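The structure appears below as structure tokens.
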Amino acid sequence: MLTHTDLKKGVKIIIDGESYEILEAKPLKMAQRRVVIQTKIRNLITGNVFSRNFHQREILQEAEISKIEAKFLYSHPDRKSSTSNGASRHRYFFCEKDNPAKRFDLTGAQIGSQAQFLKSNQIVEAIIFENKVINISLPIKIQLKVIEAPPGIKGDRSQPGTKQVTLETGAKINAPLFIKERELIEINTETGEYVRRVE
């Protein structure tokens with residue numbers, strides 16, 4: 001069991017029978033000198049993110065999560081989805097890394113912003129809760145090819161030293177002016193930011 005002091009980024013807990021991951025946690029001192037932990041948590045099944053405060057007397061159950069390696073296969077538009085975000089309107093299909101017959105799929109809302117960096121045959125970690133795959137996790141750093149890169153214009157003051165490039169997955173990110181088409185670059189999948197050019 002966990003107390004409010006155990007709540008840190010990355011810890012997975014159960015609330016009302018569903019698993020959540022803590023994305024941010026910081027102590028907040030209240031007027032009566034009681035410290036609460038102010039958190040931002042993500043439902044690992046639905047992908048919904050919201051804020052919640054945990055108080056000193058709250059006891060929480062840690063979510064027992066296991067992981068297996070899986071392979072991303074493809075995505076296609078999800079007609080049932082009512083969200084307006086492009087990536088969220090797709091379903092993403094995977095199989096166990098060494099067993100193509102064992103398949104599962106997730107919505108774009110579940111996967112979140114990482115979905116924009118998925119490419120065919122990419123190896124990811126599938127997150128399992130109560131014997132069911134509830135989400136996936138990409139490596140923090142991945143390498144993707146640039147398919148569109150406008151020439152860098154040094155006088156552009158809107159984004160000093162950067163320009164928007166399009167990656168092979170369709171994702172658009174800001175990269176340095178020297179990045180060209182067909183180059184391989186490293187991306188941080190947690191922040192969606194350029195890391196380095198791969199020589």
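Of note:
- Dipole in debye (nearest 20) - segment 65-137, about Cα centre, beta carbon charges: Lys, Arg +1; Asp, Glu -1: 240 debye
- Neighbour-count order for HIS76, HIS4, HIS90, fewest beta carbons within 10 angstrom listed first: HIS76, HIS4, HIS90
- Cα-based Rg and Dmax for the chain, where Dmax is the largest Cα-Cα distance (Å): 19.7, 59
- Exposure rule at most 15 other beta-carbon atoms within 10 Å, DSSP loop trypsin sites (Lys or Arg not before Pro): the chain longest free segment: 120-153
- Rounded to the nearest 20 debye, the dipole magnitude of the chain is 560 debye, with +1 charges on Lys and Arg beta carbons, -1 on Asp and Glu beta carbons, and the Cα centre as origin.
- Of VAL124, VAL35, VAL165, the one that fluctuates the most in a GNM where the chain has Cα springs shorter than 10 Å: VAL35
- Net +/- balance of residues flanking PHE50 in space, Cβ distance below 10 Å, scoring K and R +1, D and E -1: +3
- Taking ALA70, ALA101, ALA171 as the candidate residues, the one with maximal mean-square fluctuation in a Gaussian network model of the chain, Cα springs under 10 Å, is ALA101.
- Segment 65-137 - percent relative contact order, Cα under 8 Å, separation 6 or more: 37 percent
- Expressed per residue, the C-alpha convex hull volume of segment 4-62 stands at 73 Å³.
- The chain - percent relative contact order, Cα under 8 Å, separation 6 or more: 14 percent
- Among ASN43, ILE68, PHE178 - extreme Cα towards positive end, dipole of the chain, charges at beta-carbon: PHE178
No value in this document is a laboratory result; all are computed from the given coordinates. As the structure is a prediction and not an experimental result, all values here were calculated from the model. All Cβ positions, even for glycine, are placed from backbone atoms using ideal geometry, and neighbour counts span all protein chains on display.
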